[in-house]
């Protein structure tokens, strides 16, 4: 972190952003399904300079027993950043931010997972941020969805996520770290593309009612782009990238 | 007869209309949607998805391989590679008039022992009930445990057992396949054991390859390069 | 590991039978470690990093180097700290929550192995005596478990430190400020290498894999430096070693350590 460059141009006269992107252009995204040997399901994502690994276990027995639900399985999510993942070394203990993000991601996945058929069990999603660069919760949610599918957890839809935002009075897609720090608004969006439902939505910043609608729309369209990469990741692993 | 097979991931719309949703699909409005990564099949009146990943879901009468992970004075708990722990009551082994004595249980089965077992009962309100009281069941004294994906078990068995017979004949190994993806291989010769293990691992990794049977036959005959 | 994994008895019997014949299940010799794969700069934004694969065990170390306040009585020395964490996605038995004794032991043994070798000269890490020093943090996380975390974590931390780049700071208006163009390799003086040996029955095996780790009765981790001196040692597990076995382990740690040191040296050279 450290001193922000107050003179950094977030959007120049040609509509180019501080990292060379156009206003509706997401950063480079790479998603891989699988990779961990011991987890039941896993996924790895690179989203810009974000590097995030997700491991899933379950459905499995819940300990302590009193935490289990007799009618349905429960979903547990832990979002955790490594000490070396951010500019200034972070202490290993969970911060309030990590705890909040864990909850928000859990609630973004719950509409998709179908755990009624697994009473008294839990599905554990462990998210590890190895390197952070703005938009980690969206990248994490995207990878978590792939890891759950990789583990064979029944889901009625995938959940894809990306953040839209505003810099220099312009709505942009996929807010990076500098834009998050110095821009005017940051809106992470999580979306189920088949059921067309938004399951994660937060906002930091100031938007007029018109900008708000545009920002949501840009976010949803961005999620559809991300979804194609989730599909590719699963197809590459399970279908040898063949068509039907 | 199933027609129109498709590769699907969760959320994919398989078809719409008056079909009955079967395994791993769900009805949303008028659409039948896949809920698992796998291969969808549409029948005359129903739709299902064969999953390519996921834990073993116990089915009554399935043969499974289990590992004893703990016991009380009344029962053993078995890891059967499922979401639930298998429950093997002491009466199943000792008969109806056994008396509760912790020592007696570990005299028959200890933590870490492997058993060939059958699912006696299962519904989601309680853990699966296991039995080892048939002639072909019980503690496994000899062999090596190989773990494969549950979804690959049918491929390992083959049409009318053709694949597993080919492996057994080509190696003189005895193979016990658990529906839960755990497989026990035993063989007099170390070479036969190693070949049988390799063949099973090949099925697990290359189940989707068309000429897998030939590849495995070549490996068993010693004709492959590796 | 934080919980006991139940190893299947057939496997344990097989491991013992093979050891009686001088063999191991994966074909290795008793004094042979698994293939070690080191990927440096895995986390480009950190000052240094390394991902290490030891068989199916996978660990990642990231090094952060940043200004810090010195310890109260030690104003003329910088700070060095090495931690290790077992991530819950590495194995189904790993619990979340505050670290338990086995993980704390792992972290402290890895830290000691590097600290006692004086690999990082903390007297060179002072910006202004008593006011501002450089803190070097090597944080290791375990991503996948297949036995012998002691060595895997140690190699990752060592490789990350060997290939780290540190900025130079000077005091400007009483604040440590980065000097432009002052990036340089972290000054290191030796390459510590840890070698862990397990005792299964009466046999000593180097670099126990996951199954061997579950079967062993006790273990010992010995760290040597580039001069072949033994600088740190930890015995663990619930059985004992004879004096001869301890001596044998000392010799093995020097011999096996030397080979692995070559690999770490190559990683260091690759980064320069």
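Odds and ends about this structure:
- The distance separating the Cα centre of the range B:180-226 from that of the range A:27-45 comes to 28 Å.
- A straight line joining the Cα centroids of the range C:10-35 and the range B:102-134 runs 31 Å.
- Sorting C:252, C:149 from the fewest to the most surrounding beta carbons within 10 angstrom yields C:252, C:149.
- Shape of chain C, Cα gyration tensor, a/c cut at 1.5: prolate
- Put a dot 7 Å past the Cα of residue C:123, heading toward its Cβ, do the same for residue A:16, and the two dots end up 5.2 nm apart.
- Spin-label proximity, residue B:201 to the range C:56-93 - amide N less than 20 Å from point 7 Å beyond Cα toward beta carbon: C:56-58
- Counting other Cβ atoms within 10 Å as a rough exposure proxy, the listed residues B:19, A:118 run B:19, A:118 from fewest neighbours to most.
- Note on residue C:184 and residue A:61: with the Förster distance fixed at 45 Å, the Cβ-Cβ geometry gives a FRET efficiency of about 0.30.
- Virtual spin-label span in nm between residue B:6 and residue C:17, 7 Å along Cα→Cβ: 5.1
- A straight line joining the Cα centroids of the range C:159-187 and the range A:114-147 runs 37 Å.
- Taking 0.36 nm per residue of separation and subtracting the Cα-Cα distance, full extension of the segment from residue A:228 to residue A:204 would add 5.9 nm.
- Subtracting the Cα-Cα distance of residue A:103 and residue A:182 from their residue separation scaled by 0.36 nm leaves 25.8 nm.
- Gyration tensor (alpha-carbon) shape descriptor, chain B, a/c threshold 1.5: oblate
- The modelled label-to-label distance for the pair residue C:81/residue C:251, using points 7 Å beyond Cα in the direction of Cβ, is 4.2 nm.
- Helix C:149-162 axis versus longest C-alpha principal axis of chain C: approximately 30°, rounded to the nearest ten.
- Relative to the longest principal axis of the Cα atoms of chain C, helix C:9-20 runs at roughly 90 degrees.
- In the elastic network of chain C, a GNM with C-alpha springs shorter than 10 Å, the most mobile of C:261, C:12, C:115 is C:12.
- Over the C-alpha trace of the protein assembly as shown, radius of gyration and Dmax come out as 27.9, 88 angstrom.
- Between residue B:107 and residue B:133, the FRET efficiency estimated from the beta carbon spacing at R0 = 22 angstrom works out to 0.85.
- Sorting B:76, C:213, C:169 by the number of Cβ atoms found within 10 Å of their own Cβ, with the fewest placed first, yields C:169, C:213, B:76.
- C-alpha long axis of helix C:243-270 to longest principal axis of chain C, angle in °: 50
- With an a/c value of 1.5 or above and a/b not larger than b/c for the gyration tensor axes a ≥ b ≥ c computed over the alpha-carbon atoms, the range A:84-176 is described as oblate.
- Selected from A:232, A:166, A:106 as most flexible by GNM, with chain A as the system and alpha-carbon contacts under 10 Å: A:232
- For the pair residue C:71 and residue C:262, the difference between a 0.36 nm per residue extended length and the Cα-Cα distance amounts to 65.3 nm.
Any read-out appearing in this document is the output of simple, stated calculations on the displayed coordinates, not a laboratory observation. These figures come from a predicted structure and were not determined experimentally. Counting neighbours? That spans all protein chains shown, and the Cβs are built from the backbone with ideal geometry, glycine included.
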